[in-house]
Amino acid sequence: METLRQSLVFDKDEPNVPILAWTDATSTERLVHEASFRHGLIAGVLLVERESERQKAITDSLTGLYNRRGFLDSAQDSLQNALPTERFVVLFADLDKFKDINDNHGHDTGDELLKSIGSCLQEAFRGNIVARFGGDEFTILYKIDSSEHAADVIQKVQVSCTESALKVEHVTKDNFGMSIGHSEVHLAHDCNPLKVLTTMLLEADDAMYDIKKDRLSYVRRRP
């Protein structure tokens with residue numbers, strides 16, 4: 001039987017797709033091996049492209065965090081696979097006076113501030129689900145230890161994110177603040193993950209707006 005020898009060449013009609021060149025082989029063997037190689041190669045390229053498109057669909061292009069869709073999908077999966085004994089907290093964060101920063105200092109400054117906050121939250125909640133939910137809103141789903149209190153976690157995050165924000169040009173203590181609401185849950189054996197997540201988001205969002213209202217009211221009353 002003739003020995004098959006192969007080398008990579010490039011198709012003149014498809015210069016980016018390598019194919020196998022066969023010598024000293026029967027026509028049938030050459031066609032079978034070449035077809036198999038091309039099929040495997042194209043299948044691999046398509047898988048990479050699909051995964052790349054999937055990642056783009058669930059990622060916020062500015063901050064590199066999950067977007068709303070990515071958060072909902074990942075958070076639902078996390079709750080679905082959680083143990084009944086695990087405690088989860090959803091945080092809903094919103095930047096105070098963000099529109100003023102955009103209006104007075106331009107969208108480039110606003111974008112830098114969003115990236116700064118995104119990086120801070122990603123570092124603070126490494127290994128958990130962090131997203132830019134939309135505009136200047138961020139959401140986090142994380143497992144909390146039995147010894148932790150969500151309020152303590154929020155306080156630490158506000159301090160670190162404020163420090164990060166103040167490094168952005170034109171951002172000061174007078175034009176920056178961050179309101180964070182939270183909701184906590186112990187999962188039941190027969191819970192519906194989507195229903196639980198939706199309830200937590202609504203509760204955390206309501207809590208965030210109450211905090212924002214109180215903070216801005218205090219700022220206006222301050223002498």
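Since every read-out is calculated from the coordinates, none of them should be taken as a lab result. Given the structure is predicted, the values throughout are model-derived calculations rather than measurements. Heads up, the Cβs are rebuilt from the backbone with ideal geometry, glycines too, and the neighbour counts pull from every protein chain shown.
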request  = Arrange the peptides 88-98, 150-160 so that the one whose residues have, on average, the most other Cβ atoms within 10 Å appears first.
outcome  = 88-98, 150-160
task = Sort the following peptides by mean Cβ neighbour count (other Cβ atoms within 10 Å, averaged over residues), highest first: 117-123, 181-187, 166-172, 135-141.
result = 135-141, 117-123, 181-187, 166-172
ask   = Between residue 125 and residue 158, how many nm apart are label points set 7 Å from Cα along the C-beta direction?
value = 1.6 nm
key: Neighbourhood charge, 11 Å Cβ-Cβ cut-off, centred on residue 113 and excluding it, Lys, Arg +1 and Asp, Glu -1   = -2
task = Could you tell me which of rounded, prolate or oblate describes segment 49-149, using a ≥ b ≥ c as the square roots of the eigenvalues of the alpha-carbon gyration tensor, with rounded for a/c under 1.5 and, failing that, prolate when a/b is larger than b/c and oblate otherwise?
result = oblate
note = The pairs in 143/212; 56/115; 56/173 lying past 23 Å Cα-Cα in this model are 143/212; 56/173
